[in-house]
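Taking it in order: structure first as structure tokens, then the write-up.
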Amino acid sequence: MNRVIRKTASRLAMGAWLVAVWLLLWGRADGATVVSGVAVAAAAYGAARLPAAPVLTRIRPVRLAEAVLEFIADLLVSSVVVAWHAIRDPARVRGALIEVETRSRSELVLLAVTLSLTLRPGSVIIDIDTRRSTLLVHGLPVRDRDEAEEVRRRVLGTERRLMRALPYAHDADPAKGEDR
């Protein structure tokens, strides 16, 4: 019985997460948007047979608040950078595909990293290879190797902050500088 309750709670949590993302995408939380978000989340579960959300066992609230604040700062900076390049000379803006090896084995951290990156202007997750623990990220603007490395550093920084906020027993502690 306990397993059924946990599975149901996990699916409800994932559904709530999908509705929250829906609301963020629309930028408002009126009744019609909430109802349509619930309908879309239910349809997504029905069509894709989405897995249950990963179980969250611990949260570090201060670290989570830091990760959220840094996400907001990254969101603002990336918005300004992409807007500047779009206004200045959109024909010369170049992007690149960058492979990033992740450190975390937590599905929840991976989900949070991919959502964070996809919500920021100038970055999109193209592929996730869970076997090799890699993300294929499209970064914008990227004109040379140094800027590609900066995209990689930003992705790993996001992952590190989220690993600190949402610790997973099978991950090294990024606060102590440990590797896998």
* **Computed [θ] at 222 nm, deg cm²/dmol, the chain (DSSP H ≥ 4; -39,500 (n - 2.57); rounded to nearest 500)** => -20000 deg cm²/dmol
* Go ahead and run the numbers for FRET between V77 and V4, Cβ-Cβ distance against an R0 of 41 Å, rounding to 0.05. => 0.35
* Sum of side-chain charges, S10 neighbourhood, beta-carbon under 12 Å (Lys, Arg +1; Asp, Glu -1) -> +3
* Asked: Per the Debye formula with a single identical scatterer at each Cα and no solvent contribution, what log10 I(q)/I(0) holds for the chain at q = 0.15 Å⁻¹?
  -> -1.02
* Structure fact -> Under the 7 Å Cα-to-Cβ spin-label approximation, T130 and A13 lie apart by a distance in nanometres of 1.6
* Keeping all protein chains in place, calculate the accessible area per residue for the chain (probe 1.4 angstrom), answer in Å². => 65
* Structure fact -> Most packed first (mean Cβ within 10 Å per residue), the peptides 157-168, 96-107 order as 157-168, 96-107
* With a 1.4 Å probe and every protein chain kept in, tell me what percent of the accessible surface of the chain is carbon plus sulfur. => 62
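The values are calculated or read from the model by the stated rules, or taken from the named source; none is laboratory data. These numbers were taken from a predicted model, which means no experiment stands behind them. Cβ atoms come from the backbone with ideal geometry, glycine included; neighbour counts cover every protein chain shown. Just the protein is used for accessible areas: all its heavy atoms, side chains included, with ligands, DNA and RNA removed. Shrake-Rupley method; radii C 1.70, N 1.55, O 1.52, S 1.80 Å.
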